[in-house]
Amino acid sequence: MESVELWIYRTVHAVCLPVIHLHTTGAAMRVSQEDFEKAKDQLKLLKEDPGNEEKLKLYALFKQATEGPCSSPKPGMLDFVKKAKWDAWSSLGSLSKDSARQKYVDLVSSLVSSESSSQVKDTTPDSKHGYETLQVTTTDHITKIMLNRPEKKNAITTQMYKEIIQALEEAAKDDSVITVITGNGDYYCSGNDLNNFTNIPSGGIEKMAKDGAVLLENFVKHFIDFPKPLIAVVNGPAVGISVTLLGLFDIVYATDRATFHTPFSELGQSPEGCSSYMFPKIMGLSKANEMLLFNKKLTAGEAYAQGLVTEVFPDRTFEKEVWIRLKAYANLPKNSLALSKQLIRGVEKEKLHAVNCQECERLRERWLSDECLNAVMSFFGKKSKL
Ligand SMILES: CCCCCCC/C=C/C(=O)SCCNC(=O)CCNC(=O)[C@H](O)C(C)(C)COP(=O)(O)OP(=O)(O)OC[C@H]1O[C@@H](n2cnc3c(N)ncnc32)[C@H](O)[C@@H]1OP(=O)(O)O
């Protein structure tokens, strides 16, 4: 703040209101006058906006300390700024000037100390521990979930499915405004880790297929139900389930190096991630068929033209441009964004859960088919010949 000026914003309605100028008045006061002057100077040094509630308290205490109890007429209901100020000041009743000065000094000191401790914390992103396949951080009101198996092109292992579920649950509850999923390295994600189909449990292949379907349904459910804006930052090629899920994101930003490939029939499988419903809805039936039935790999430009991607950025400036934009979005009011998302997505939720359930049931059968088992063996066969 450059002077003893307090910006007041309406807290609930998030409408920006004009500036309030505070003027110092009157003769020197004996009790705490020096501290009071110091506090006024300290307030100018605050780097962060302390929020409407605190600013109104400061305003009221300042007026009480310098002018005594509020005696001006109550402003009209529609004059929001003046009314908020008047309410705050008159709520102090007959509090003495000395006590108001003391309270003002205490409030400034608590704002200054909480800012300095949060600044120490903010310099390093709040990195969450306990994840082996992800890097999860929260900074600037953004929770970033980064798939972190770059040497395997971020293929999703069983453990990674579980960790993504956990990260989404935590992000839904934390104080971030938006959540971003991205990949580490040159790939966004190469889809399901095909080794998931080679670790046959003691219950046999049927048990593997059943457990896989339960896990997949729960995994996709977390995307359907995610309550905050969910943004995909597609930093490179995307394959399989990492593509199909994009229909459940609220925004998809992609580098021009990204490609989008869903080779389900090549793998003897069928679509998941609610893509059997969302893709025809997003891009029309025939374009969805080219992708989901005939494995057509889209360039980033094609994915944008078909509405799967919100915007494509040159790879050179991708990270910089996208994160500048996301940081600005994350400054928007949290509750308003979450409620708007609920309105946009809410009507479809029941349908999406039904689609998810059906897709998982189909896949459970597919994973037991020769078509699928041969495709997986062929992937590992090709690898072993290299
Ligand atoms: C338990 C729940 C199950 C839910 C299942 C839900 C249904 C999901 C369906 C899908 O996602 S289908 C799509 C599956 N993905 C693929 O078919 C892609 C397979 N990978 C490739 O085709 C290629 O690796 C690539 C992605 C085109 C990259 O090729 P590139 O030549 O650039 O690199 P590579 O040398 O092949 O890869 C490096 C390293 O990574 C391993 N790897 C990559 N992707 C996968 C994968 N999906 N599964 C397992 N391993 C993968 C690859 O084998 C290499 O490993 P090393 O040889 O270095 O050990």
Exercise for the section: Confirm whether Ser117 is surrounded by fewer than 14 Cβ atoms within 10 Å (Cβ to Cβ) and within 18 Å of Asn52 (Cα to Cα). Expected result: no
Fill in the blank from the handout: Residue pairs within 7 Å by beta carbon, gap of at least six or interchain, first lying in the range 309-326 and free of Cβ contacts under 8 Å to residues at least 40 places away in the same chain and within 24 Å of Ile282 (Cβ to Cβ), second outside any loop (DSSP other than H, G, I, E, B) and open to solvent by less than 60 Å² (accessible area, probe 1.4 Å), listed first then second, are Glu321/Phe313
Fill in the blank from the handout: Counting only residues in the range 337-386 that are more than 30 Å from Ile205 (Cβ to Cβ) and open to solvent by 60 Å² or more (accessible area, probe 1.4 Å), the one farthest from the ligand (Cβ to nearest atom) is identified as Leu339
Practice task
Take Gly268 and decide whether it is more than 30 Å from Glu350 (Cβ to Cβ), of a type outside the set (A, V, I, L, M) and either under 24 Å from the mean Cα position of the chain (by Cα) or within 14 Å of the ligand (Cβ to nearest atom) (or both).
Solution key: yes
Handout entry: Test: residue in the range 235-244 that is surrounded by fewer than 19 Cβ atoms within 10 Å (Cβ to Cβ), within 10 Å of the ligand (Cβ to nearest atom) and within 27 Å of Thr259 (Cβ to Cβ)
Key = no
Practice task
Provide a single number: the residues in the range 311-347 that are in a loop (DSSP other than H, G, I, E, B), over 15 Å from Ile142 (Cα atoms) and of a type outside the set (Asp, Glu).
Solution key: 4
Fill in the blank from the handout: The condition of being closer than 15 Å to Ile181 by Cα and open to solvent by 10 Å² or more (accessible area, probe 1.4 Å) holds, among Asp250, Asp256, Asp211, Asp225, only for Asp250
Fill in the blank from the handout: Filtering the range 151-190 down to residues that are of a type in the set (A, V, I, L, M, F, W, C) and either within 8 Å of the ligand (Cβ to nearest atom) or in a helix (DSSP H, G or I) (or both) yields Ala155, Ile156, Met160, Ile164, Ile165, Ala167, Leu168, Ala171, Ala172
Problem - Scan of the range 138-147 for residues that are surrounded by 18 or more Cβ atoms within 10 Å (Cβ to Cβ) and not charged (D, E, K, R), ordered by number - result: Thr138, Ile142, Thr143, Ile145, Met146, Leu147
Fill in the blank from the handout: Expected output for the range 165-186 (first residue under 15 Å from Ser127 (Cα atoms), partner open to solvent by less than 40 Å² (accessible area, probe 1.4 Å) and in a helix (DSSP H, G or I), Cβ below 7 Å, 6+ apart or cross-chain) is Leu168/His222; Thr179/Ala171; Val180/Leu326
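The values are calculated or read from the model by the stated rules, or taken from the named source; none is laboratory data. Worth saying up front: this structure is predicted, and the values here are computed from it rather than measured. All Cβ positions, glycine included, derive from the backbone under ideal geometry; neighbour counts span all protein chains shown. Surface areas here come from the heavy atoms of the whole protein model, side chains and all, with no ligands, DNA or RNA. Shrake-Rupley method; radii C 1.70, N 1.55, O 1.52, S 1.80 Å.
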